[in-house]
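Step one of this worksheet: look at the structure below.
The values are calculated or read from the model by the stated rules, or taken from the named source; none is laboratory data. Everything quoted here is computed from the prediction, not taken from an experiment. Ideal geometry is used to build each Cβ from the backbone, glycine not excepted, and the neighbour counts take in all protein chains shown.
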Amino acid sequence: MKKNVHGIRKAIKQIKMIKNKIIPLIFLVVFVVFMRLEASNVADILKTIPKDHQEDLRYLFRMIFLEQDGAYTVFGDKPVSLAGGFLIPPWKSLINGRCVGKLGCAWKTWQKYKHKFPMQQYVILGELCKFENPESVTLNIFVINKRAFIESIRNHIMFFESVLGDKVDPESFLKDLEDERISFWTSIHHNEMLLGILLGYGKHNASFFNHRARHCHQVPMIMSGTKSKYTVLNSSNRNIYPMMIVNPVQFLADLEHPETKRLQMGYKNSRKMISSIYSQGDFLEITLTRLISE
């Protein structure tokens, strides 16, 4: 009897492993076919945009989707990704009240042309954060996967309502953000745990990060390679996958928790799939094609 149970468990494990490998492969094949059908439309639209503005978009999207986590949101099931940087750095790179940073120019270029690329499944929001001491301004860019965002809130609805102190309708919550009736930070009451959940770090890890944010003098940041069970999760394995195009997802995580192990495997598979997709052609065209997909 025990042998039969062990055999069944082993079979189920093997099926899950095969499923984890086959689903990304099927997605890759389907997307490549779709990309080839739609890429010509995106290429035609890009021809109407001046070369210097195309370079602005390329710079912005490379920062959002390759250097940071945006690709995991538009090609995977990560509900939200957060990117950004300084518009006005602490050393006041400001001329006549005007930001001279490349990020600010690139973001303005996207605002000018985004109507040419209507998105149905995704939302890209930009919010300014001002700091007084030292004086500086940052641009936070949120990339939202609508389906995954709504599903994440539904899966944690009681916790969201407890923190926000009111009933939460996931669709209305998203609509208010999409229409810019409320800022992202205000919508979650600046709560680090809600942010961690929506960023796809898992409730357990978000709870630990929230505790660290509130009591950072008691819970120091533990970097990878230490003996602590809390470490910065890096979903890559550079010894095996040295040619990956996109950066890995990294966040403070409890490596021993089942939730973390599941997330780690998911992001690892997503990274391989996304890198394969981007190897098929022009980075900007592929990203824009995905953003306008139905």
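Quick notes on this structure:
- Checking each residue in the stretch 253-268 for being buried (at least 17 other Cβ atoms within 10 Å of the Cβ) and part of a helix (DSSP H, G or I) picks out THR260, LEU263, GLN264, GLY266, TYR267, LYS268.
- Identity of the residue in the stretch 248-261, under 17 Å from the mean Cα position of the chain (by Cα) and in contact (Cβ under 8 Å) with a residue 40 or more places away in the chain, that ends up nearest to ARG58 (Cα to Cα): VAL249
- Residue in the stretch 162-180 that is of a type in the set (Lys, Arg), at pLDDT below 95 and out of contact with any Pro (no Cβ under 8 Å at 6 or more places or on another chain) present: no
- If you go through the stretch 164-192 and keep only what is of a type in the set (A, V, I, L, M), buried (at least 17 other Cβ atoms within 10 Å of the Cβ) and in a helix (DSSP H, G or I), you end up with LEU174, LEU177.
- For the stretch 64-104, the candidate set comprises residues that are in a helix (DSSP H, G or I) and modelled with pLDDT under 95; within that set, the residue that is surrounded by the most Cβ atoms within 10 Å (Cβ to Cβ) is LEU103.
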